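For reference, the structure is listed below as structure tokens.
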Amino acid sequence: MKKFKYLIIGGGVSGTTAAETVRQNDKSGSIAIVSEEPYPAYSRVMLSKHDFYLPEGENKIWLKTPDWYIKENIGFFSGKKAVNLDANKKIVRLDGGEEIEYDKLLIATGNCAKKWVIPGSDKNNVFSLRVLDDARAIKEKIKTAKKAVAVGGGFISFEMCDLLRQFNIETTLILRESYYWEPILDKNEAVLVENALITNGVKILKNSEVSEIMGGDSVAGVILKNGIQINCDMIIAGIGATCSLDWLGNSGIKTNKGILANEYLETNLSDIWTTGDVAEFNDLILEEIVQLGNWLNSQQQGRVAGINMASNKTPFRLVSSYSTTGFGITISFVGDVRPEADRTIISRGSLESRSWARLLVKDGEIIGATIINRTPELSLISKLISADFKVSGHENELTDPGFDLKKLII
């Protein structure tokens, strides 16, 4: 049985950043990464971007080469899946039966695409987009596709619609909701997004769901619950992500939707940390337990966990953000954008100028924002959130789209 001082389950940006940080702080301690995918670390963010789908696009996604793991003396168990954790013996068992002993463990397994289970969803050319092999399959089909259906109203569907139209593929977007990104965006913001989609040739069907996928071995179209039929030769389903925690069932680790952790990213069990999409952690800025699924959060949590595993005890503190660009507009989310009943809204900008921000306020402080075509304000709003900025007395300045937010940052 192999033993490592530091064992990291998950070879994505969070786990890889953690390993890199551990090595910076502990030059000799043994480190290993177990990655379910057979590839070195790459940028998942790039998988939905147009550049990846160009002939040489795959060259741009790699974060590490195989030589990097050797150079840093990091064991790399690629194409392996952790299936059991014995926290008392400090042993992780892999799907091939191999067991690995550890002193310190990080679980950074990320999310999986939600499985779309309807009649016909197992046909060829029904795609989700989560890992490199998904993107490779989509890239190959795009070469011959004529008509596509995208399902879901989120970042992936938005970026995929943009991609499909750039390749001149007739595209229909199916939304279960009454408007795009409901309820994260409000109706005014959704209009900006929907107009961009429609203007660029995307047909949107709202309040709709696919009941069945037509075709033989491969997709020929979809039937909606209202009986409408849409012909297509490919489908991209962006219906969300989910964490797989079954392998931890008997470990004693506390879980909810994700793995529960404190502000140091420690689980309830000693010598076990968790980071990235799978972590449900104590957010010191929002002052609540949250689970975030974005690149920046995963990367920075990996860095903090690496520090905590190897040396100091450092709390994780970050205003998380994510941006996407398509059809000539940029959409950004920063902080907590959930429109809960205990939040009030401050609007900034105008729909006519296609420049808009919606600030979410809780207990007199800005906690999050949705931003469309006001990208330079993202970092400024992040600073206001981080500083626990008090809104009272500044309402007029915040609603004035011409006011420079820098003047509010001390």
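The shape of the stretch 328-408 can be summarised by an equivalent ellipsoid whose semi-axes, obtained from the alpha carbon gyration tensor, come to 18, 14, 12 Å from longest to shortest. Legend: calculated FRET efficiency, D388 to N195, from the Cβ-Cβ distance at R0 = 30 Å, rounded to 0.05, equals 0.25. Here the Karplus curve 6.51 cos²θ - 1.76 cosθ + 1.60, taken at θ = phi - 60°, turns the phi angles of the stretch 130-139 into couplings of 9, 10, 4, 4, 4, 5, 4, 5, 5, 4 Hz, with x standing for Gly and Pro. Basic side chains Lys and Arg get +1 at the Cβ, acidic Asp and Glu get -1 at the Cβ, and with that the dipole of the stretch 113-240 about its Cα centre reaches some 220 debye. Considering only N168, V202, I118, and ranking their Cα positions along the charge dipole of the stretch 113-240 that arises from unit charges at the beta-carbon of Lys, Arg, Asp and Glu, the one farthest toward the positive end is N168. Each label point was placed 7 Å from the Cα along the Cα-to-Cβ direction; for K406 and E56 their separation is 3.8 nm. Size descriptors for the chain, from the alpha-carbon set: Rg then Dmax equal 22.4, 65 Å.
For D26 and K254, the FRET efficiency from 1/(1 + (r/R0)^6), where r spans their Cβ atoms and R0 equals 22 Å, is about 0.20.
With both residues required to sit in the chain, DSSP beta bridges show an antiparallel share near 55%. Using Cα positions and a limit of under 17 Å, work out the lysines in reach of K90, with same-chain residues fewer than 8 apart set aside. K90 reaches K2, K3, K5, K81, K104, K254. For the chain, a Gaussian network of Cα nodes joined below 10 Å ranks S157, S355, S392 by mean-square fluctuation, and the top entry is S392. Paramagnetic label reach from R136 (point 7 Å along Cα→Cβ; backbone nitrogen cut-off under 14 Å): within the stretch 28-52, residues 37-42. In the chain, taking the dipole from charged Cβ atoms about the Cα centre, the farthest positive-side position among S350, A145, T275 is held by A145. From helices alone, the chain scores -6500 deg cm²/dmol at 222 nm; the rule is -39500 (n - 2.57) for each run of n ≥ 4 DSSP H residues, then divide by the residue total.
About the centre of its Cα atoms, the stretch 328-408 shows a dipole size close to 220 debye [charges on the beta carbon of Lys, Arg (+1) and Asp, Glu (-1) only; nearest 20 debye]. Remark: the chain carries a charge dipole of roughly 600 debye about the Cα centre, counting +1 on each Lys and Arg Cβ and -1 on each Asp and Glu Cβ.
Taking a straight Cα-Cα cut-off under 16 Å and skipping sequence neighbours fewer than 8 places away in the same chain, the lysines within cross-link reach of K390 are K362, K406, K407.
Database remark: amide H of N84 closer than 5 angstrom to the amide H of R93 (H placed geometrically; neighbours at sequence offset of 5 or more, or on other chains; Pro and chain starts carry no H).
A simple rule links phi to the HN-Hα coupling: the Karplus curve 6.51 cos²θ - 1.76 cosθ + 1.60 with θ = phi - 60°, which for the stretch 37-51 gives 8, x, 10, x, 4, 9, 8, 5, 4, 5, 5, 9, 9, 4, 4 Hz, with x for Gly and Pro. The Cα atoms of the stretch 185-265 give a gyration tensor whose axes a ≥ b ≥ c have a/c of 1.5 or more with a/b no greater than b/c, which makes the shape oblate. Computed on the Cα trace of the stretch 113-240, the radius of gyration divided by the Kirkwood hydrodynamic radius gives Rg/Rh = 0.94. The modelled label-to-label distance for the pair N268/K123, using points 7 Å beyond Cα in the direction of Cβ, is 4.6 nm. If every alpha-carbon in the stretch 172-229 counts as one equal scatterer, what log10 I(q)/I(0) does Debye give at q = 0.13, 0.17, 0.29 1/Å? Taken in order of the listed q values, log10 I(q)/I(0) reads -0.40, -0.63, -1.12.
Considering only L129, L54, L94, the Gaussian network model of the chain with Cα springs below 10 Å gives its largest mean-square fluctuation to L54.
Throughout, read-outs are computed from the coordinates displayed, never taken from laboratory work. The shown structure was predicted, so the numbers you read here are calculated from the model rather than taken from an experiment. Cβ sites come from the backbone with ideal geometry, for glycine too, and all protein chains shown count toward neighbours.
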